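A short worksheet on the structure shown next.
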Amino acid sequence: MKKKASNKIFKKERKLKKINFVRREETLRNKGFSFICGVDEVGRGPWAGPITACAVIIERNDYKFKKLKKLGVRDSKKLDGIKREKFFDILTNDSEIDFALGWVSSREIDKLGMAEANNLVLKRAIRGLKIKPDFILSDGLNIKKLGLAKEKVIKGDRKILTIAAASIIAKVSRDRYMIELSRKFSHYGFEKHKGYGTKKHQEAIKLHGICPEHRKSFKPIREILNFKN
């Protein structure tokens, strides 16, 4: 009997937790926050190119939230390239959505280390917004020395609409940058793998060495260069 009651309470608590995460922005607005910002970054794993972050504020408009959810805005990793491009155009051309991008170059990553570079790129995106946010929701990372009310949400790009929107804009922006970069450094195939350590990328580094966009501090890069030498 006790076990059944315990399971019932657990299920109720789990349901409440899920509802709170899905409606997190609404909960914060009800607490008095007006400009809630979702922020996410992409590009930690690649061997070349920058880390890119995006910060998004969707103005207080319940209809807008419902419309974007109905359209299928979600974590960029759950969308194919065509849908990401479609949502990118919708999000970046909406006058009720304030967004800003932050970038940290491969040279800065080598100098600062990945942890500090991650923190910096998120802060750069937030500081680029036209509207000053009063609450920050970040995807799984605690942003240090920000000076604003904030909360990290594990797998936030799956639970928070503004974070999902930020993930789409950041992903498309970085991909476009890497495609443009491939025209300058055509040996590496950046337009295909976006800087990740694919087999063809490894072979290209062994054959041609590295370019200024490669992250020299990354262990796989150092190992390939040592092997080449």
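Here, each number is a calculation from the coordinates, and none is a lab measurement. None of the values given here were measured: they were computed from a predicted structure. Backbone-built Cβ (ideal geometry, glycine too); neighbour counts: all protein chains shown.
Some notes on this structure:
- Prolate/oblate/rounded label for region 116-229 (Cα gyration tensor, a/c 1.5): prolate
- Computed from the Kirkwood radius of its Cα pairs, the Stokes-Einstein diffusion coefficient for the chain at 20 °C and 1.002 mPa s stands at 113 µm²/s.
- Build a GNM of the chain with springs between Cα atoms under 10 Å apart, and of ASP157, ASP134, ASP40 the one that fluctuates most is ASP134.
- Among the GluC sites (Glu not before Pro) found in region 94-157, those both in a DSSP coil and sparsely packed, with 13 or fewer other Cβ atoms within 10 Å of their Cβ, are GLU96.
- Segment ASN142-HIS208, length gained on full extension (0.36 nm per residue, minus Cα span): 19.9 nm
- Subtracting the Cα-Cα distance of ASN30 and ARG107 from their residue separation scaled by 0.36 nm leaves 23.5 nm.
- Separation of the GLU116 and GLU85 label points, Cα + 7 Å toward Cβ, nm: 3.9 nm
- Taking the C-alpha atoms only, the angle from helix 114-127 to the longest principal axis of the chain is near 60 degrees.
- Around the Cα centre of region 2-184, unit charges on the Cβ atoms of Lys, Arg, Asp and Glu (plus for the first two, minus for the last two) sum to a dipole of about 1340 debye.
- Fully extending the segment from GLU96 to HIS187, taken as 0.36 nm per residue of separation minus the present Cα-Cα distance, adds 28.6 nm.
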